[in-house]
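Structure first, then comments.
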């Protein structure tokens, strides 16, 4: 069952342009109505319109599988190949990492079968490993959030923490905010953000006037200038946005200053989790929270209803 070079799958083998290097030992299929004539072309279509970060991760995942099968073309892959790969990942990786890689692989095979490039979806019988839902462990209390805001450095750091929590934005959405994304309203209901989010979709997010004013104070005259700027300039001397990694360091540092016991684990996404949970605790409708967070599936939003239950049959059994 062991094959040469399998331990190298952790890094993956890719061509110069970042695509998995695929063998030419099998005949190239005819171009179908989808225009898919090779594994590389299929992967390109599968990744179309996905974010740059997602493309990078998915290409790495598929490269790992390609290394494992020693360059076998996707049309020649069998169910046994996928099952052996899943078993191999179980030895190397945590369940969450294994689940992510297998989910990407299953998505590619399902897409290839859907467009007619692959005669069968050989990955369909493979089940993803069960993953523990850790949302309940990642919900910050209102006191925790207020402590973070109080201890955040005044200026952009404080505005960053408040935007992640109050607007419920993803960290990539937050660092991508520009001057042009600040939209003034005249109805007395605060300000509006034009948020460029997942799936290349832009959604409006209404925020309190206090946060809108705080963000407006960071804005530069140039409509394309980022609100959250790095000290480093661009190649032409233009302002450069901070990275998601820099935003994460700011959040962790602020959590540490606030004295949170789990400060080393706190991430920007925890503030987004807190937004969803706290908003629904205070009576916000689930569809409204879904629209604010930019969830495409309301079931994703609904999971936050179960992270902090108000009732339990255990309470009826005495103390």
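Data for the structure
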| item | result |
| --- | --- |
| Alpha-carbon centroid distance for the pair segment 155-198 / segment 69-91, whole angstrom | 44 |
| Mean shadow area of segment 56-178 over all directions, Cα convex hull, nm² | 11.0 |
| Residue 128-residue 141 pseudo-label distance in nm [points 7 Å out on the Cα-to-Cβ vector] | 3.3 |
| Paired Rg and Dmax values of segment 135-306, which use every Cα atom, in angstrom | 15.6, 49 |
| Alpha carbon centroid spacing (whole Å) that separates segment 218-274 from segment 104-131 | 37 |
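Bear in mind that the values in this text are calculations on the coordinates, not laboratory data. Everything numeric in this text was worked out from a predicted model, so none of it was measured. Because the Cβ atoms are built from the backbone with ideal geometry, glycine has one as well, and the counts that use them run over all protein chains shown.
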